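Read through the structure below, which is laid out as structure tokens, and then see the notes.
Derivation of every value follows stated rules applied to the coordinates shown; laboratory data play no part. As the structure is a prediction and not an experimental result, all values here were calculated from the model. Here the Cβ positions follow ideal geometry from the backbone for every residue, glycine too, while neighbour counts run over all protein chains shown.
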Amino acid sequence: MTIFLREPEYMFGCLGFLTAREIRRGIIWSGAALSSLAVIVAPMLLLLHRTTPSLVGQTIFLVICAWLFVFGLMRLFVTGAMWLFDQIGDWVCDAIPGLTAPVHFVYLGYWIFFEVFYSLGFLAMLVTTLLLPFGIAQPLL
């Protein structure tokens, strides 16, 4: 049985220490808190004439991008790539049984790298988004 189908956590692009429900919930709650704070603070700064309308628009756009692209679509893409990678790995392991352990190690490395990369990228994008209306982060345009 493949690693992808055997473990239900893998179907959502998670592995290892990051799949613990508490940590996953913590990442989602942190993202929600940062997003809410950014979406509330940016218009307030605009009302106080401390920022420009374009920075408020970019802030809201980046919050949407963080959730849709980084946390959503890119994870879906990586999970689909893992499914394809898993199928090829199964064919290789069936042909050469001695490679089962190294292929499994590569699977784990792939998941850990992308889990850490996307989780930190998601949170870093939201922190940058929060700093954008204050003029600390660099605007897009």
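Pull out the extension gain between Gln138 and Leu76, defined as 0.36 nm times the separation in residues minus the alpha carbon to alpha carbon distance; nm, one decimal.
19.4 nm
Which length gain, in nm to one decimal place, applies between Ala101 and Arg50 when the Cα-Cα distance is subtracted from 0.36 nm times their residue separation?
Answer, rounded to one decimal: 12.6 nm.
Quick one: go through region 105-132 and flag any residue whose amide nitrogen is under 13 Å from the point 7 Å out along the Cα-to-Cβ line of Ser30.
It comes to 116-128, nothing else.
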